[in-house]
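What follows is a single structure, written as structure tokens, with notes after it.
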Amino acid sequence: MAETEYVVQQSDLREFITNCMTQVGACPEHADTLAQNLLAADYRGHYSHGLNRLGMYMADIEQNMVETKGEPKILKQTVSTGLVDGNNLQGPVVGKFCMELAIQKAKETGIGWVTARHSNHFGIAGWYSMMALEHNLIGMAYCNTSPCMVPTRARKKVLGTNPISVAAPANNDDNFVLDMATTPVALGKVEIKHVMGQPIPPTWGVDNQGQVTTDPKAVYLEDGGLLPLGGTEETGGYKDVLFISIGGYKDVLFISIGGYKDVLFISTGGYKGYGLGMMVEVFCGILSGANFGSNIRHWSSHSEISNLGQCFVALDPSVFAPGFTDRMSDLMDHCRNLQPAEGSAGPVQVAGDPERQHVKKCDELGGIPYPAQQLAVADGLAKKCGVEPIKRLKAL
């Protein structure tokens, strides 16, 4: 029997998150910025980074791990670049400040590239890249995170999920919005599987010996880690006539079998996800002077500050060839109109389409749907900090 879901209006969700954060010590403006970020995550269907993360943000304040007052500070800048000290404020506060600075510079010079240090968990990267769309700019956002990815051939976590987001405008309010981790999934999705008592796909993570596992507890709580995007490494050897290629989109697994002579190849491409994660680290931790790699604290630790590094880019396509949005629309529509392969789950999509579908669903429902179990956790947070429980509009 399916678990009951309840619809929560966006205004009620925003008020609830703001109330919880101010109750534990956040200033109202910073609390509302966080609320907007978490709301956007759930509205777009990224439940691992929305209401699900509220308890973590509250704990950071309760344990004095983040500053509750003040503003980010520009340490140095040129007409097109900036280095920002986040002053250990909440990640969304730092990220919003940096992206607005990048947008300002892009309007003036064609490009704005801003890095930040002394920041914290900033929610979904897409919230920042999409800010540029409001100004007909291309937006990019990157962030390093607490170690949870086990590099190719390794046993221990070194890099984080290190998300990448790129948003590009097209015609008629259409847009391309890529928002992805450089691991198969965000760690929060493993957490949700653990809470729900469900196994994870074999493409998501490894145990503390670097071996593939379907046990979310081994990945999430027992010093295992996530695989890089693409899975394990390509290996080879001599054995009969067999070729196995494993790949796919995110956590969807495809296997094809063929052969050539007497060579066995298992090709998964995980080293490419590892490389992408390292690229994000270059833009974020290395370039800004923040913590990086295994120097970053564990996400659940409250013994030291995070000092995360982040990178925000805004680019004005009009300084290049004219007709950018026309070509962007042509490319996306061409892909969407491709004939789906036999057995496909649906039509061909481009980055941002699944989120658009979830937004449409929420609009039709009059709010965001949540399983009863997740709202029960939110009720526990409300009781703990002395605020009214989150309001339910209706049951589904």
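Farthest towards the positive end of the charge dipole of the chain, among the residues T78, A345, N19, is the Cα of T78, using unit charges on the Cβ of Lys, Arg, Asp and Glu. Contact order, relative form, for the chain: 22 percent (alpha carbon pairs under 8 Å, 6 or more residues apart, mean separation divided by residue count). With the whole protein complex present, I74 retains an accessible surface near 60 Å², based on a 1.4 Å probe.
Accessible area per residue for the chain, computed on protein heavy atoms with a 1.4 Å probe, is 47 Å².
Taking a straight line from the alpha carbon of K107, these aspartates and glutamates sit under 16 Å away, with near neighbours fewer than eight places off in the same chain left out: E134, D316. Around the Cα centre of the chain, unit charges on the Cβ atoms of Lys, Arg, Asp and Glu (plus for the first two, minus for the last two) sum to a dipole of about 580 debye. About its Cα centre, the dipole of the range 41-170 is roughly 560 debye, where the only charges are +1 on Lys and Arg Cβ and -1 on Asp and Glu Cβ. Comparing C284, C98, C385 in a Gaussian network model of the chain (Cα springs below 10 Å), the most mobile by mean-square fluctuation is C385. The base-10 log of I(q)/I(0) for the chain, evaluated at q = 0.10, 0.14 Å⁻¹, reads -0.70, -1.37 [Debye formula, identical scatterers on Cα atoms, solvent excluded]. Debye-formula intensities of the range 284-360, expressed as log10 I(q)/I(0) at q = 0.16, 0.18, 0.23 Å⁻¹, are -0.85, -0.86, -1.03 (one equal scatterer per alpha-carbon, no solvent). The relative contact order of the range 270-312 comes to 39 percent, based on Cα pairs under 8 Å that sit 6 or more residues apart. The lysines within cross-link reach of K189, meaning a Cα-to-Cα straight distance under 17 Å and a gap of 8 or more places when in the same chain, are K217, K250. Partner aspartates and glutamates whose Cα lies under 20 Å from the Cα of K391, excluding those fewer than 8 positions away in the same chain, are identified as E3, E5, D12, E15, D32, D42, D363, E364, D379. Taking all protein chains together, F292, F176, F320 sort by accessible area into F320, F292, F176, largest first [probe 1.4 Å]. Here S294 sits with roughly 80 square angstrom of accessible surface, probe radius 1.4 Å. Think of it as helices only: each DSSP H run of n ≥ 4 in the chain is worth -39500 (n - 2.57), and spread over all residues that comes to -10500 deg cm²/dmol at 222 nm. By the Kirkwood approach, averaging reciprocal distances over each pair of separate Cα atoms, the range 346-396 gets a hydrodynamic radius of 13.2 Å. Taking the protein heavy atoms of the chain in the context of the full set of protein chains, the accessible area attributed to carbon and sulfur is 54 percent at 1.4 Å. For the set Y43, Y370, Y271, solvent exposure ranked by accessible area (probe 1.4 Å, protein chains only) runs largest to smallest as Y271, Y43, Y370. Rounded to the nearest 20, the size of the Cβ-charge dipole of the range 264-393 about its Cα centre is 460 debye, with Lys and Arg at +1 and Asp and Glu at -1.
Can you say what percent of the DSSP beta bridges in the range 1-145, counting only those with both residues inside, are antiparallel? Round to 5. Write out the running numbers ahead of the final one.
Values: 4 of 9 bridges.
Roughly 45 percent of the beta bridges in the range 1-145 run antiparallel, per DSSP.
Largest first, the three principal axis extents of the alpha carbons in the range 6-61 are 28, 20, 18 Å in whole numbers.
The values are calculated or read from the model by the stated rules, or taken from the named source; none is laboratory data. Everything numeric in this text was worked out from a predicted model, so none of it was measured. Methodologically, a virtual Cβ is constructed for each residue, glycine included, from the backbone with ideal geometry; neighbour enumeration extends over all protein chains shown. Ligands, DNA and RNA are stripped out before the accessible areas are found, and what is left, the full protein with its side chains, is counted by its heavy atoms. Shrake-Rupley method; radii C 1.70, N 1.55, O 1.52, S 1.80 Å.
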